[in-house]
Amino acid sequence: MGIPSGRARRLAVLALAVVLAPVVAGCTPKPAPQSTPTANPSLHAPSASSSRDPRAEVQKAVAAYTNLLNAFTAASNAGTDDTTELSKYATGSALQVLAKGLADNKAKGLHSQGTPGIDPPRVTEIAPASDPTTVKVVGCVDDTHWQLYNSKGQLADTSPSGRRSTSAQIDKSAGTWKVTSLAIQGVGTCPG
């Protein structure tokens with residue numbers, strides 16, 4: 001499910017402020033224990049895949065999510081429809097939904113103000129666990145203090161605000177992590 005109009009689009013911007021790396025460290029698989037290195041007279045370097053730390057990959061995926069949300073928030077607060085920064089961190093439906101939200105708001109002369117409250121996201125899936133190429137996260141955002149305003153500085157959206165559940169999938173392609181799907185649900189879908 002994509003992001004609906006108005007307040008939900010503001011929520012997508014809200015997610016930008018999330019700092020996910022500390023949360024990811026507690027939710028990622030532990031690497032296999034490594035034996036104590038011994039002197040190796042061989043001139044062969046270890047393969048890249050054997051030295052890759054899954055936790056580091058998950059942190060990179062979560063950083064892409066965080067950076068996307070920050071870029072979206074900045075663009076929404078500026079009232080622009082420029083997706084240059086967003087495209088560094090998103091592709092596919094995630095980029096399309098956010099770009100449409102920015103374009104719709106710009107066409108209506110709207111911009112956001114304030115900062116959404118963002119709970120640290122929780123990593124729910126890492127696949128494959130040994131060498132991740134897909135990471136899924138869930139979280140909650142609160143748009144109570146993140147509102148849409150018109151060009152005259154008047155509040156433009158009076159729909160209910162509050163806590164909303166979020167979910168995202170972040171995929172690695174050609175060595176780069178990007179958010180490929182992002183959903184923000186209605187008010188009251190997050191406990192607390």
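Any read-out appearing in this document is the output of simple, stated calculations on the displayed coordinates, not a laboratory observation. Small disclaimer: the values here were computed from a predicted structure and weren't measured. Note: ideal-geometry Cβ built from the backbone for every residue, glycine included; neighbour counts use all protein chains shown.
What the table below lists for this structure:
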| read-out | value |
| --- | --- |
| Evaluated over segment 140-192, the Cα radius of gyration and Dmax, each in Å | 15.3, 44 |
| Cut-off 10 Å between beta-carbons: net charge of the residues surrounding G192, Lys and Arg +1, Asp and Glu -1 | -1 |
| Total formal charge among the other residues, if their Cβ is under 15 angstrom from that of S87, Lys/Arg +1 and Asp/Glu -1 | -1 |
| For segment 60-109, projected area of the alpha-carbon convex hull averaged over all directions, nm² | 3.0 |
| Within-12-Å neighbourhood charge of A74 [Cβ basis; K, R +1; D, E -1] | -2 |
| Mean separation of Cα contacts under 8 Å (6+ apart) over length of segment 75-192, as relative contact order % | 24 |
| 18 Å tail of the calculated P(r), segment 62-157, as % of Cα pairs | 52 |
